[in-house]
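What follows is one structure encoded as structure tokens, with my remarks underneath.
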Amino acid sequence: LFLDEIGEMPIALQAKLLRVLEHGEVRRVGAVQSHRFDVRIIAATHRDLRDAIAEQHFREDLFWRLNVLHLHVPPLRERASDIPVLAEHFIEGSGTDSASGKRSISPAAMALLTAYPWPANVRELRNTIDRAVALNLGNEIHPEDLPDTMQQAARTANVVAEGLRRRDSLRNLERAYIFEVLRSVGGNKSRAA
């Protein structure tokens, strides 16, 4: 049984889950008898559960019941080498080949994908690829098929990278960054802020 985002589970429900795991029995709603079950639990969360325990948002006894084997999967931004493989997998899984054959990703689009920080991790990558496949009628996904926010983030990163190459002062880097953000939002200071 996969429990996604276990750290978001309400405390009252955590107590019920702990009881079920401890006794190995579950009772259906409205039923009189409990039924035994044999299940392995896999739980995932983006939260630090030890911090949640300290803040009393997660039960310590449930944490220790679930924490038999801990696997830390770093965020996608720390695994840029995984992005091309995942992107190709999502294209294949989209089930939509173009009229003239299998889809691929242009080197320029792949550069954007690998440079982007992916705040929503693999789910965001999958949605981005699904969107690009849906909007693109050709064989190859190009940068213009990717969301504007991704293209803007790449432009801003390029401004900062160029400043670092020139060994600009922090003040000059900050100034260049602010001008790039202002340019990307059409000069709207409220949106830039």
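The values are calculated or read from the model by the stated rules, or taken from the named source; none is laboratory data. The shown structure was predicted, so the numbers you read here are calculated from the model rather than taken from an experiment. Don't worry about glycine lacking a Cβ; one is built from the backbone with ideal geometry, like all the others, and counts go over all protein chains shown. For the accessible areas, the whole protein counts, side chains as well, though only heavy atoms, and no ligand, DNA or RNA atoms are used. Shrake-Rupley method; radii C 1.70, N 1.55, O 1.52, S 1.80 Å.
With respect to the numbered conditions (1) farther than 15 Å from L1 by Cβ; (2) without any contact (Cβ under 8 Å) to a residue 40 or more places away in the chain; (3) out of contact with any Asp or Glu (no Cβ under 6 Å at 6 or more places or on another chain), which one is the sole condition not fulfilled by I53?
Here I53 meets the rest and fails (3).
Which count do you get for residues in the range 45-67 that are out of contact with any Gly (no Cβ under 9 Å at 6 or more places or on another chain) and part of a loop (DSSP other than H, G, I, E, B)?
Residues in the range 45-67 being out of contact with any Gly (no Cβ under 9 Å at 6 or more places or on another chain) and part of a loop (DSSP other than H, G, I, E, B): 4 in total.
Being within 23 Å of the chain's Cα centre (by Cα) and open to solvent by less than 50 Å² (accessible area, probe 1.4 Å) is the requirement here; does G7 meet it?
Considered against the rule, which asks whether it is within 23 Å of the chain's Cα centre (by Cα) and open to solvent by less than 50 Å² (accessible area, probe 1.4 Å), G7 comes out as yes.
In the range 54-86, which residue that is under 17 Å from the mean Cα position of the chain (by Cα) and among the basic types (K, R) is most open to solvent (accessible area, probe 1.4 Å)?
Restricting to residues being under 17 Å from the mean Cα position of the chain (by Cα) and among the basic types (K, R), the top hit is R77.
Find all pairs meeting these conditions: Cβ atoms under 7 angstrom apart; at least six residues apart or on different chains; first residue within the range 103-122 and within 12 Å of D145 (Cβ to Cβ); second residue of a type in the set (S, T, N, Q) and in a helix (DSSP H, G or I).
Correct list of pairs: L112/Q151.
When the residues of the range 17-40 are narrowed to those that are free of Cβ contacts under 8 Å to residues at least 40 places away in the same chain and under 29 Å from the mean Cα position of the chain (by Cα), which ends up surrounded by the most Cβ atoms within 10 Å (Cβ to Cβ)?
So the residue we want is V39.
Tell me, which residue of the range 114-152 that is part of a helix (DSSP H, G or I) and of a type in the set (G, A, S) is modelled with the lowest pLDDT?
A115
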